[in-house]
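Student: One structure follows; several queries about it will come next.
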Amino acid sequence: MLDPAQVPIQQSALLVVDAQDSFKASARWERRNNPAFEKNVAALIEAYRAARLPVIYFLHTDSDDGFATDSPLFKLMDFIRPGADEPVFTKGTRSCFIGTPLGAYLLERGVRRVIVTGIQMEQCCETTARTAADFGYAVDFVSEATLTFPIPNWDCPGEELGVDAIRERTEYALRRRFARIATVAQLQKELRKAGK
């Protein structure tokens, strides 16, 4: 794993993964974790814009309700308003690198480090973090700027994995194997320090 401490924050980009209204089509939205998600993602977007570093958004499409590209819910959440130089890529897999121009976009800008935020923590966010690490990027995974929902056990009706267990498992699997688990405050401080 390439350690984020070895790659200057000036060579990083913020990835905002699937922060889209599509998730609101499901009853599980009411069971989401992290009520501070929007505030934390917005704070990182603001910090990256202030540092004039890349911010990239993703929309996930699949056959689930609300995720079709012609659905009125297939759009970024209202708290996100991409700037003219902030691309929105559509993806059909769990990884932001597969089937999108992300790799070329980062290469053109000299990005060697990615900051992962978005929905769902253990699916598209974790998969993107693992792929990024395998492709040679340093990765910061910001759990407090991700969110998720309880996961049902399809083989045992009524059984599910709770959100606290999901976060613990995700951080445990990623930490120092694929990513550094970072906080919003850590990254804001690093960005401010780099701007001096």
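The values are calculated or read from the model by the stated rules, or taken from the named source; none is laboratory data. It should be emphasised that the depicted structure is a prediction, and the values quoted were computed from it without experimental measurement. FYI the Cβ positions are ideal-geometry reconstructions off the backbone, even for glycines, and counts take in every protein chain you see.
Student: Do we find that residue 48 is crowded, with 18+ Cβ neighbours inside 10 Å, in a strand (DSSP E or B) and of a type in the set (Ser, Thr, Tyr) in this structure? Break it down into steps so the answer makes sense when it comes.
Tutor: Details: crowded, with 18+ Cβ neighbours inside 10 Å: yes; in a strand (DSSP E or B): no; of a type in the set (Ser, Thr, Tyr): yes.
Considered against the rule, which asks whether it is crowded, with 18+ Cβ neighbours inside 10 Å, in a strand (DSSP E or B) and of a type in the set (Ser, Thr, Tyr), residue 48 comes out as no.
Student: Could you tell me whether any residue of region 10-20 is crowded, with 17+ Cβ neighbours inside 10 Å, polar (S, T, N, Q) and either on the phi > 0 side of the Ramachandran plot or within 15 Å of the chain's Cα centre (by Cα) (or both)?
Tutor: yes
Student: Write out, first by first residue and then by second, each pair whose Cβ atoms fall under 7 Å of each other, whose residues are 6+ apart or on separate chains, and whose first residue, in region 1-23, is farther than 11 Å from residue 76 by Cα and at pLDDT below 95 while the second is of a type in the set (Ser, Thr, Tyr) and assigned to a loop (DSSP other than H, G, I, E, B).
Tutor: 2/137
Student: In addition: Going by the conditions given, is residue 164 in contact (Cβ under 8 Å) with a residue 60 or more places away in the chain, more than 24 Å from residue 105 (Cα to Cα) and surrounded by fewer than 17 Cβ atoms within 10 Å (Cβ to Cβ)?
Tutor: Numbers: in contact (Cβ under 8 Å) with a residue 60 or more places away in the chain: yes; more than 24 Å from residue 105 (Cα to Cα): yes; surrounded by fewer than 17 Cβ atoms within 10 Å (Cβ to Cβ): yes.
In short, yes.
Student: Right, another one. Search region 84-102 for residues that are among the charged types (D, E, K, R) and pair each with any residue that is surrounded by 13 or more Cβ atoms within 10 Å (Cβ to Cβ) and not in a loop (DSSP other than H, G, I, E, B) when their beta-carbon atoms are under 7 Å apart and the residues are at least 6 apart or on different chains.
Tutor: Matching pairs, first to second residue: 86/55; 86/56; 86/57; 91/58; 91/60; 94/123; 94/124; 94/127.
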